[in-house]
Amino acid sequence: MITAYVLIQTEIGTAAEVWAGVNAIPGVSFAVAVTGPYDVLAYVTAADLDALGKIAVGEIQAIAGVSRTLTCPVVNF
């Protein structure tokens, strides 16, 4: 099992719609709207790195209004 934070930049005026769309994706535990260089942060759980990529690229980046993502896998010490 792998978890990651996906940091999402949106087009101006689309953060609320992107946030709602991200929250509806299976594998997204939760998403929050934030201020700063990113507009939405999502906490994602997937079976493996390939499944994580499918969520980040195939699902999140496909939402209208998403302009860029940065996926940060969680490291367990």
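Of the residues making up the stretch 1-32, those that are within 26 Å of D50 (Cα to Cα), hydrophobic (A, V, I, L, M, F, W, C) and surrounded by 14 or more Cβ atoms within 10 Å (Cβ to Cβ) are I2, A4, V6, L7, I8, V18, W19, V22, I25, V28, A31.
Filtering the stretch 15-48 to residues that are over 20 Å from V75 (Cα atoms), touching a strand residue (DSSP E or B) at 6+ places or on another chain (Cβ under 8 Å) and of a type in the set (S, T, N, Q) leaves only N23. Tell me, please, whether a residue that is part of a strand (DSSP E or B), out of contact with any helix residue (DSSP H, G or I) (no Cβ under 6 Å at 6 or more places or on another chain) and in contact (Cβ under 8 Å) with a residue 12 or more places away in the chain can be found in the stretch 15-23. The answer is no; no qualifying residue exists. Of the residues in the stretch 61-69, at least one is in contact (Cβ under 8 Å) with a residue 60 or more places away in the chain and part of a strand (DSSP E or B).
Within the stretch 33-53, residues that are under 14 Å from T71 (Cα atoms) and in a loop (DSSP other than H, G, I, E, B) reach partners that are basic (K, R) and modelled with pLDDT of 95 or more with beta carbons closer than 9 Å, at six or more positions or on different chains, in the pairs Y38/R68. Can Y38 be described as surrounded by 11 or more Cβ atoms within 10 Å (Cβ to Cβ), aromatic (F, W, Y) and more than 9 Å from the chain's Cα centre (by Cα)? So Y38 passes the test.
The values are calculated or read from the model by the stated rules, or taken from the named source; none is laboratory data. Just so you know, these numbers come straight off a predicted model, no measurement behind them. Virtual Cβ from ideal backbone geometry, glycine too; neighbours counted across all protein chains shown.
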